[in-house]
Amino acid sequence: MADIWLMRHGAYEGHRPGYHAPHEAALTPEGRDQVRRSLPLPDGITAIVTSPVLRARQTAALVAHLTGLSIVATSGLLAEWRAPSIVLGRTSDTYPPAYRAWRARRLVNPTLRCEDGESLTDLHARARVCAAFLHHTAQKHGPVLAVSHTLLLGVLTHIREGPAAFTTAARTPWQFAERHPYTPWRPSSPERSRRLRR
């Protein structure tokens, strides 16, 4: 039995390919049905943690209501990749030039940000801290279900790729209410030692 299970939220209002959803986009009735159909949870899960973004919180709350489990933490570490506000509520055919230029250069320079958005390096660093958070939460509360978003989940599961994990995550999105066991990545001993000394 895994100590950590990752789950994507259900379908939300306004979703379409290439769409950057605003944080207030709520679950649709279909999204709620997807969450219901994802049950029962694997045996042994004792607690839920969630992203603070509305669609994830609503997913976690519905799972908690249907299973009787408690939500023990709401953490920004589990939030979706922070897209720049200039693309929120937009699809690829209406992306502004600044965002298109960033997309063309993001892999060459993963530290580059587009306005108030999160760089690929920032997202990868957050995913590493999130992995540690999930590990410690499971040690404290027992096996946990973490409700999050497709890009963050993809980066978590491909974290060894470094900032380029963003691209892998974008090419292999999680389905709504999809769930998988997760083993947090631990860096090799020399790398871990350097990080712990900082």
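The values are calculated or read from the model by the stated rules, or taken from the named source; none is laboratory data. Note that this is a predicted model, so its numbers are computed, not measured. With ideal geometry, Cβ positions are generated from the backbone for all residues, glycine too; neighbour counts draw on all protein chains shown. Accessible surface areas use protein heavy atoms only, side chains included; no ligands, DNA or RNA. Shrake-Rupley method; radii C 1.70, N 1.55, O 1.52, S 1.80 Å.
Descriptive notes on the structure:
- So THR46, is it touching a helix residue (DSSP H, G or I) at 6+ places or on another chain (Cβ under 9 Å), farther than 17 Å from SER148 by Cα and free of Cβ contacts under 8 Å to residues at least 24 places away in the same chain: no
- Any hit, the stretch 76-87, residues being touching a strand residue (DSSP E or B) at 6+ places or on another chain (Cβ under 6 Å), of a type in the set (Gly, Ala, Ser) and crowded, with 16+ Cβ neighbours inside 10 Å: no
- Of all residues in the stretch 154-181, those that are in contact (Cβ under 8 Å) with a residue 60 or more places away in the chain have Cβ atoms under 6 Å from Cβ atoms of residues that are assigned to a loop (DSSP other than H, G, I, E, B) and among the aliphatic types (A, V, I, L, M), 6 or more apart or on another chain, in PHE176/ALA11; PRO181/ALA2.
- Flag if ASP3 is over 16 Å from ALA177 (Cα atoms), in contact (Cβ under 8 Å) with a residue 12 or more places away in the chain and out of contact with any helix residue (DSSP H, G or I) (no Cβ under 6 Å at 6 or more places or on another chain): no
- Qualifying positions in the stretch 6-23 - under 14 Å from HIS149 (Cα atoms) and in contact (Cβ under 8 Å) with a residue 24 or more places away in the chain: LEU6, MET7, ARG8, HIS9, GLY10, ALA11, TYR12, TYR19, HIS20, ALA21, PRO22, HIS23
- Just one residue in the set HIS141, HIS158, HIS124 is in contact with a helix residue (DSSP H, G or I) (Cβ under 9 Å, 6 or more places away or on another chain), modelled with pLDDT of 95 or more and surrounded by fewer than 20 Cβ atoms within 10 Å (Cβ to Cβ); that residue is HIS158.
- Residue within the stretch 10-30 that is under 24 Å from LEU134 (Cα atoms), modelled with pLDDT under 95 and open to solvent by less than 40 Å² (accessible area, probe 1.4 Å) present: no
- Among the residues listed as ARG105, ARG126, ARG100, the single one being more than 13 Å from MET7 (Cα to Cα) and either β-branched (Val, Ile, Thr) or in contact (Cβ under 8 Å) with a residue 40 or more places away in the chain (or both): ARG126
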